[in-house]
Amino acid sequence: MSIVFPAFNRSVIVRARDAEVVGAPTAKVKLLADSSATGGALSTVQVTLEKGADGARPHRHEHSAEMFYVLNGVVQVLSGTEIVRAEPGDVIIVPPMLPHAFSAERGTSAEILIVIAPGVERFEYFRQLTRIAQGKEPPESLRDVQDLYDTYFLNSPEWEAALRSGR
């Protein structure tokens, strides 16, 4: 059985020079392909983290799996209650509903390709995170759009302990 995604009947090509880059000084997000470009099949971004930078606080997605492919550096990924260390070439796939977070390991920078499937329109979410980092919007504004972006924030004692210990 093959799955056909509406309006996704040709290749999507995103040139690096044309991709929008958003984010804060310690974390940059290159917006590659949003759900609308792939007929809902997937969304993908490339995240670059400075040494020890936080990439995403603990959260879960109800409808999408998220794949992390480490391009460079070393990342820590919260996967449920486990902290996983990943190096270049490693892939971590987090299923829907599983709490997760990620950061560059202390003392290292990292570059990660993230693929969300099925896709969720997320580019505006990353722009909103940038506005929050710039002080143009309050952090609480994310609570109002959790359903829209299928991103639900939560607390993780394991993640907080790992950050405090420098893991």
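The values are calculated or read from the model by the stated rules, or taken from the named source; none is laboratory data. If you're wondering where the values come from, they're calculated on a predicted model, not measured in any experiment. All Cβ positions, even for glycine, are placed from backbone atoms using ideal geometry, and neighbour counts span all protein chains on display.
Scan region 14-28 residue by residue and report those that are in contact (Cβ under 8 Å) with a residue 12 or more places away in the chain and either of a type in the set (D, E) or assigned to a loop (DSSP other than H, G, I, E, B) (or both). Within region 14-28, V14, A19, E20, P25, T26 qualify.
Within region 40-72, the set of residues being among the small types (G, A, S) and not in a strand (DSSP E or B) comprises G40, A41, G52, A53, S64. When residues of region 31-80 are filtered for being over 30 Å from S11 (Cβ atoms) and either modelled with pLDDT under 95 or of a type outside the set (V, I, T) (or both), how many remain? Here the count works out to 13. In region 24-42 there is at least one residue that is over 20 Å from A162 (Cα atoms), among the basic types (K, R) and within 13 Å of the chain's Cα centre (by Cα). Within region 61-78, not a single residue is more than 20 Å from S35 (Cβ to Cβ), surrounded by fewer than 16 Cβ atoms within 10 Å (Cβ to Cβ), of a type in the set (G, A, S) and without any contact (Cβ under 8 Å) to a residue 60 or more places away in the chain.
Within region 93-140, how many residues turn out to be basic (K, R) and without any contact (Cβ under 8 Å) to a residue 24 or more places away in the chain?
2
Listed by position, the helices (runs of 4 or more DSSP H) inside region 73-167 whose residues that are within 17 Å of the chain's Cα centre (by Cα) number at least 3 are 123-133, 146-149. Of all residues in region 29-39, none satisfies being out of contact with any Ser or Thr (no Cβ under 7 Å at 6 or more places or on another chain), among the polar types (S, T, N, Q) and not in a helix (DSSP H, G or I).
Taken over region 104-121, residues that are farther than 12 Å from S64 by Cα, buried (at least 18 other Cβ atoms within 10 Å of the Cβ) and at pLDDT below 95 amount to 1.
If I filter region 75-86 for residues that are closer than 26 Å to V21 by Cβ and among the charged types (D, E, K, R), do I get at least one hit? Checked against the condition, which is being closer than 26 Å to V21 by Cβ and among the charged types (D, E, K, R), region 75-86 yields no hits at all. Examine region 126-138 for a residue that is touching a helix residue (DSSP H, G or I) at 6+ places or on another chain (Cβ under 6 Å), surrounded by fewer than 17 Cβ atoms within 10 Å (Cβ to Cβ) and of a type in the set (D, E), and state whether such a residue exists. The answer is yes, given that some residue of region 126-138 is touching a helix residue (DSSP H, G or I) at 6+ places or on another chain (Cβ under 6 Å), surrounded by fewer than 17 Cβ atoms within 10 Å (Cβ to Cβ) and of a type in the set (D, E).
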